[in-house]
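Here the structure is laid out as structure tokens; the discussion comes afterwards.
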Amino acid sequence: MNVLPQLPPLVEDLSLAYRLRPASGEPAGLVVLLHGVGSNEASLAGLAALLPASLSVALVRSPIPMGPASFSAFAVNFTASGPVIDADAAEASRVRLLAFIAELQARTGIAPIRTVVAGFSQGGIMSAGAALTRPQTVRGFAILSGRILPEIAPVLAPSEALAQLDALIVHGSFDDRLPVSWADRSHAWLTELGVRFEDRRYPAGHEVTPQIARDFVAWTTGLLCK
């Protein structure tokens, strides 16, 4: 996504650093956006700009520095047999993200039922991990070209709690970073867990295309701006 000409200031006094675009007037909801590995919070500023002004939007920086303006939630190596992750770091980042969401909700006065967490690639992984293990924290979550970590299985919430969630799976059919088979796995797992979800595929690679962005905005708006 294109970066906004002027980003909101970076705030660093909660569990994670973030930039907040506050809602215009009384907020209808809160959208927490998480970037991919090796990127930063500014990479989703263009997506944030498309969301209605009635929503507060937080662009969140992952906690692990990788280089100048480059951050991640956990280390990952892409191998011939699939991604290999630092599971301990992923778990620590999941816990930290949940703490951050609660802190930001307290700061903004926006309730969990009016909150969506979403992200691209690793950001989508973290969004799913947070929502599926602590569904009372959010109304819904979106995985944009991401996956659900099998490692969260021991800490998944009970099925009756997961039934309160809504989810969105978005994936490009030509994704060569995280192949579309990961979306198939997410589809199967969410079905098994009883989570309501929409699954959309696009003639795209590992990216957020204009059509993907529009569809994500429409899904989020439908969930929070009723």
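The values are calculated or read from the model by the stated rules, or taken from the named source; none is laboratory data. Quick caveat, the model's predicted, so the values are computed rather than measured. In this analysis, Cβ positions are derived from the backbone assuming ideal geometry, glycine residues included, and neighbour counts consider all displayed protein chains. These area figures cover heavy atoms from the full protein model, side chains too; ligands, DNA and RNA do not enter into them. Shrake-Rupley method; radii C 1.70, N 1.55, O 1.52, S 1.80 Å.
Structure data summary
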quantity: Rg/Rg_globular for region 98-224, with Rg_globular taken as 2.2 N^0.38 Å and Rg from C-alpha atoms; calculated: 1.00
quantity: Cβ-based net charge around Leu168, under 11 Å, with every Lys or Arg adding one and every Asp or Glu removing one; calculated: -2
quantity: Dimensions in Å of region 109-165 - Rg and Dmax from alpha carbons; calculated: 10.8, 33
quantity: For region 56-129, the spread of Cα positions along each principal axis, largest first, Å; calculated: 44, 26, 20
quantity: Kyte-Doolittle mean at least -1.0, axial Cα span of 20 Å or more - DSSP H helices of the chain; calculated: 87-108, 210-224
quantity: Span per principal axis, largest first, for the Cα atoms of region 8-141 (Å); calculated: 49, 31, 26
quantity: Helix-derived mean residue ellipticity, 222 nm - over the chain, DSSP H n ≥ 4, -39500 (n - 2.57), to 500; calculated: -10000 deg cm²/dmol
quantity: Residue of Leu162, Leu50, Leu20 that the Gaussian network model of the chain assigns the largest fluctuation, springs spanning Cα pairs under 10 Å; calculated: Leu50
quantity: Volume per residue of the C-alpha convex hull in the chain, rounded to whole Å³; calculated: 113
quantity: Computed lengthening from Gln136 to Arg196, 0.36 nm per intervening residue step minus Cα-Cα distance; calculated: 20.1 nm
quantity: At q = 0.15 Å⁻¹, base-10 log of I(q)/I(0) for region 1-83 (Debye sum, equal scatterers on each alpha carbon); calculated: -0.57
quantity: Within-13-Å neighbourhood charge of Leu16 [Cβ basis; K, R +1; D, E -1]; calculated: +1
quantity: Net charge of Cβ neighbours under 13 Å - reference Ala89; Lys, Arg +1; Asp, Glu -1; calculated: -2
quantity: Built amide H within the under 5 Å cut-off of Ala142, gap 5+; calculated: Val117, Ala118, Gly119, Leu168
quantity: GNM flexibility winner over the chain from Ala102, Ala128, Ala42 (Cα, springs under 10 Å); calculated: Ala102
quantity: Per-q log10 I(q)/I(0), region 180-226, q = 0.15, 0.23, 0.28, 0.31 Å⁻¹ (Debye; single scatterer per alpha-carbon; no solvent); calculated: -0.50, -0.97, -1.07, -1.09
quantity: Region 88-226, accessible surface, carbon-and-sulfur percent (1.4 angstrom probe); calculated: 55
quantity: Cα centroid separation, region 5-63 to region 149-192 (Å); calculated: 23
